[in-house]
Amino acid sequence: MSTGTNTRIDGPLVYLESLGSEHLPAIMKVYLDAPDYFEALTGSSDFDPTTVEMMYEEALAEDNRYFLAIRRTDTKSLIGTIEFEAGADEVPATLRGLVVAQVERGKGYGRAALELAEGFLSNELGAPTIAADVPGGYDDGERFLEALGYRRRRLKSGEFRWVKRIAEA
């Protein structure tokens, strides 16, 4: 998604909005508040702001990727990020990452954010299926996806991914 693109997807619990460089301090706070996810993603428990900044810049560099803030609708506070890609690999869309600060977990915000992203991918971009990347060893992420209807499938390439049909054929 180019940095000039503004995306906002509204929902009852959360809304998703395009990120700008001014959001980096809040993004870093989310990753600091979610050390389990950061460690699974990077392989290190040592928080490195440069790593987060590089992930942010990489996500914004591609037109088919969306890296969005997850904000609570009631407080407007940035509580997480979600990243997805349209037209990826062997599936029409891929969830690249979803992180919610630990203090906000278990309240339905992650589920609401993912459902908004799935609706956007299906309704606006016509993607019938979404795959999800889960960092190796991140069992909480796998349990979360399974609870939302994702199933572990082998793709034509032979790799295993978490996949869900999000639109009728």
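The values are calculated or read from the model by the stated rules, or taken from the named source; none is laboratory data. Small disclaimer: the values here were computed from a predicted structure and weren't measured. Here Cβ is always computed from backbone atoms with ideal geometry, including for glycine, and neighbour counts include all displayed protein chains. Note: areas computed on protein heavy atoms with side chains; ligands, DNA, RNA excluded. Shrake-Rupley method; radii C 1.70, N 1.55, O 1.52, S 1.80 Å.
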Q: Could you tally up the Lys pairs in the chain with alpha carbons closer than 29 Å? Skip any pair fewer than 8 positions apart unless they're on separate chains.
A: 5
(Q) Can you give me the long-range amide H partners of T129? Hydrogens built in the peptide plane at 1.01 Å from N, cutoff under 5 Å, separation of 5 or more residues or another chain. (A) A93, I166
Q: Sketch the reach of a paramagnetic label on K29 as a point 7 Å from Cα along Cα-to-Cβ, and name the residues of the range 50-84 whose backbone nitrogen lies under 11 Å away.
A: 77-80
Q. If only Cα atoms are counted, what is the Rg of the chain, and what is its Dmax, in Å?
A. 15.0, 44
(Q) Just to confirm, what accessible area per residue do you get for the chain at 1.4 Å probe, in whole Å²? (A) 50 Å²
(Q) If packing is taken as the average number of other Cβ atoms within 10 Å across a peptide's residues, how do 109-119, 151-161, 67-77, 39-49 rank, most packed first? (A) 109-119, 67-77, 39-49, 151-161
Q) For the range 129-138, in order, what is each residue's ³J(HN,Hα) by Karplus, 6.51 cos²θ - 1.76 cosθ + 1.60 with θ = phi - 60°, in whole Hz (x at glycine and Pro)? A) 9, 10, 10, 10, 8, 10, x, x, x, 8
Q. What value, in deg cm²/dmol to 500, does the helix sum -39500 (n - 2.57) over DSSP H runs of n ≥ 4 give at 222 nm once divided by the residues of the chain?
A. -8500 deg cm²/dmol
Q | In order through the range 105-118: 3J(HN,Hα) via Karplus (6.51 cos²θ - 1.76 cosθ + 1.60), integer Hz, x for Gly, Pro | A | 6, x, 10, x, 6, x, 4, 4, 5, 5, 5, 5, 5, 4
Q: Pull up all non-local amide H partners of I70: gap of 5 or more, or a different chain, and H-to-H distance under 5 Å with H placed in the peptide plane.
A: I79, G80, T81, I82
Q) Which far-off residues, 5 or more places away or on another chain, put their amide H under 5 Å from the one on L13, with H placed in the peptide plane? A) none
Q. Working from the pairwise distances between different alpha carbons, so that the mean of 1/r is found and then inverted, what is the range 84-137's Kirkwood radius in Å?
A. 11.9 Å
Q. Computed FRET efficiency, Cβ-Cβ of E57 and R8, R0 25 Å: what is it to the nearest 0.05?
A. 0.70
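Once you have the alpha carbon radius of gyration of the range 7-100, what is it after dividing by 2.2 N^0.38 Å, with N set to its residue count?
1.07
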